[in-house]
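**Q** Before anything else, here's the structure in question.
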């Protein structure tokens with residue numbers, strides 16, 4: 001009896017060793033943890049699957065909130081990848097989207113019986129991550145001039161150029177600057193709606209450090225992006241304002257010229273009067289002399 005039991009046990013172990021993983025159920029792996037990963041509106045759908053040893057391919061479809069049918073992307077049909085770039089068919093960044101994925105066993109003829117797995121909803125405008133910006137900083141005249149480069153997106157304008165984050169977010173987009181004096185723990189914040197702005201009120205000739213973030217303030221919800229690399233720039237030395245000196249000098253010059261003209265006019269008038277008087281006196285003398293000779 002004991003030998004029979006041992007034989008059965010050995011046979012069972014051999015069968016288990018020769019059976020591929022997952023072949024007992026015959027079921028393909030089911031996609032799990034579907035999620036959208038999006039940065040600056042470039043959006044991927046990712047998912048995970050358990051390795052059951054069964055070869056599978058994946059189909060992905062997308063549905064917009066206003067669409068009536070699911071849309072496929074050729075690169076994500078019958079694919080072996082567990083990620084799909086859906087950017088090109090998410091044409092409206094303000095629209096809410098959902099995706100679905102199914103895992104099809106290799107050689108299966110019953111494709112339509114394979115269940116779909118749904119993703120959470122996703123709105124690119126609200127959910128895409130704001131990437132790391134680049135910026136320039138130049139110290140000048142007791143201040144620092146900042147210029148943040150507008151990040152490009154995968155969307156296109158009519159002329160074929162890429163839309164920027166500013167083109168899409170418009171007035172909802174802000175530039176959030178954090179700055180501090182080098183060696184100091186105190187930090188200050190500054191926000192601008194413009195990509196180019198000037199930071200004033202700084203100590204002249206001091207070294208200041210900065211990092212910038214994109215900030216979207218929409219529907220009473222504030223969302224900040226990734227911080228830029230830190231840059232340190234020395235504030236400029238304020239130059240004297242020579243404008244008032246020029247104005248004063250111009251005024252004094254005009255006054256001197258005016259006085260000189262008045263003096264010249266008065267002198268000329270006085271000279272003319274003297275000349276007329278001399279001419280009149282000369283005429284009287286000549287008349288008196290002539291009268292004396294006749295007498």
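**Q** What does the highest-first list of 149-158, 112-121 look like by mean Cβ count within 10 Å?
**A** Values: 149-158: 14.6, 112-121: 12.6.
Most protected by this proxy first, the peptides run 149-158, 112-121.
**Q** Tell me, what is the FRET efficiency for residue 221 and residue 170 to the nearest 0.05, using R0 = 22 angstrom and their Cβ-Cβ distance as r? Walk me through the intermediate numbers first.
**A** Values: r = 16 Å, r/R0 = 0.73.
Efficiency, from the Cβ-Cβ distance: 0.85.
**Q** For region 131-159, list residues with backbone N below 20 Å from a point placed 7 Å from the Cα of residue 206 toward its Cβ?
**A** 137-146
**Q** Given 0.36 nm per residue, what is the gain on full extension from residue 265 to residue 70 after removing their alpha carbon distance, in nm? List each step's numbers first, then the result.
**A** Working: separation 195, 0.36 × 195 = 70.20 nm, distance 9.54 nm.
Roughly 60.7 nm would be gained on extension.
All of the numbers you see were taken from the coordinates with simple rules; none came from a lab. Being a predicted model, the structure only gives us computed values, none of them experimental. Virtual Cβ from ideal backbone geometry, glycine too; neighbours counted across all protein chains shown.
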